[in-house]
Amino acid sequence: MKVLVTGGAGYIGSVLVPKLEEAGWEVVVLDKRRHAGIRGDIRGPVDVAKSLIGCHAVIHLAAVVGEDAYNKNHSKGRMINIHGTQIVVSEAREKGIKRLVFASTGNIYGRTDSPARESAVPKPLCQYGYSKLIGEEIVKEAGYMCVRFGTACGASPQMRWDLLPNAVAKAARENKQLDIYSPEAWRPFTHIQDATDALVELVERDTNNALKGKVFNIVSENVQKGHLVSIARDEFGWDKVRLLGMPDKRDYQMSGELIEKTIGWVPRHTVREAMIDAFTAC
């Protein structure tokens, strides 16, 4: 069986691809990075169509990820996150591919008073969140699956140090000061090993009524931002942090019950483990 992973040379993809290969998949990577299997762009129908030849499934990771990155160029973000997703989905349908999993984000929930379930009305607070929500609608309309990750964290061959648990671990490793605002605000975090395990589990499932057009939250833990400092103090003896009272417009949690009830998948990792892994990776 052959699977296309768009964005497969990035932070999550570079952990995911070896797992897929270990599970017996032949993996095709479409990515703009130089070390991709096929260097190309999801905005190009020819690149996508060529990458899909012989494929039985797709995991669609390629995106402009995160509010800060998206805000640097809204037009580029829309073209990749919305138009690019439309191209991937259209080409997959044209080739009769039954399995496609789209990586979305819990960012679309905005603020919540309790752990958000997939049935909650999305209330994204930024253009990045809106772009991923529109992407979800494209994917669901085609009968494919979506996963909403919390903030990803942990070690990868292609590290992202802008992700809060990773940033705290790096500051601790380098013994540098870090500012954290609204330490009481909640965030859902997804260990990169949990994120990739869930993707492998879902892409290997035959699409049926329980999965077709469904959305699943993938979350390892809901943690207050200030607790990351406590972990760093316990594990690394680091406390060079300023906790600032500036408001955080995104204060939310996510429930992971639906995927457990539907296919029995549960997370196996913690934010503490992710921070230790990131600290070691520095």
At a 10 angstrom cut-off on C-beta neighbours, averaged per residue, how do the peptides 195-208, 9-22 rank from highest to lowest?
9-22, 195-208
For the stretch 90-152, go through all pairs of different Cα atoms, get the mean of 1/r, take its inverse, and jot down that Kirkwood value in Å.
12.6
How do the peptides 125-137, 225-237 rank, highest first, by the average count of neighbouring beta carbon atoms within 10 Å per residue?
125-137, 225-237
If you plug each phi of the stretch 64-80 into the Karplus form 6.51 cos²θ - 1.76 cosθ + 1.60 with θ = phi - 60°, what whole-Hz ³J(HN,Hα) values come out, in order, with x for Gly and Pro?
7, 9, x, 4, 4, 5, 5, 5, 5, 7, 4, 4, 5, x, 5, 5, 7
Using 0.36 nm times the number of residues separating Glu257 and Ile53, minus their current alpha carbon distance, what extension gain do you get?
69.9 nm
FRET efficiency (Glu94, Asp206; Cβ distance; R0 25 Å; to 0.05) is 0.75
Descending Cα extents along the principal axes, the chain, whole Å
54, 39, 38
Magnitude of the charge dipole, the stretch 2-281, Cβ model with Lys/Arg +1 and Asp/Glu -1, debye to 20
700
Please give the Cα centre distance for the stretch 14-70 versus the stretch 91-131, rounded to the nearest Å.
19
Calculate the dipole size of the stretch 94-227 relative to its Cα centre from +1 charges on Lys and Arg beta carbons and -1 charges on Asp and Glu beta carbons; express the result in debye to the nearest 20.
140
What full-extension length gain, to one decimal in nm, is calculated for Arg233 and Val121 as 0.36 nm per residue of separation minus the Cα-Cα distance?
36.6 nm
Out of Gly37, Ile82, Ala152 - ranked by how far each Cα lies towards the positive end of the dipole of the chain, with unit charges on the beta-carbon of charged residues - the top one is Ile82
Quickly rank 171-177, 38-44 as a protection proxy: mean count of other C-beta atoms within 10 Å, highest first.
38-44, 171-177
Taking amide H atoms as placed 1.01 Å from N in the peptide plane, list the residues 5 or more away in sequence, or in a different chain, whose amide H sits under 5 Å from that of Thr105.
Phe149
Under 19 Å Cα-Cα from Lys240, which lysines qualify once same-chain neighbours fewer than 8 residues away are excluded?
Lys170, Lys176, Lys225
About the Cα centre, and with charges only on the beta carbon of Lys, Arg (+1) and Asp, Glu (-1), how big is the dipole of the stretch 15-74? Nearest 20 debye, please.
240
The chain, Gaussian network, Cα under 10 Å: of His83, His191, His74, the residue fluctuating most is His74
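Throughout, read-outs are computed from the coordinates displayed, never taken from laboratory work. Keep in mind the model is a prediction, meaning the values are calculated, not measured. All Cβ positions, glycine included, derive from the backbone under ideal geometry; neighbour counts span all protein chains shown.
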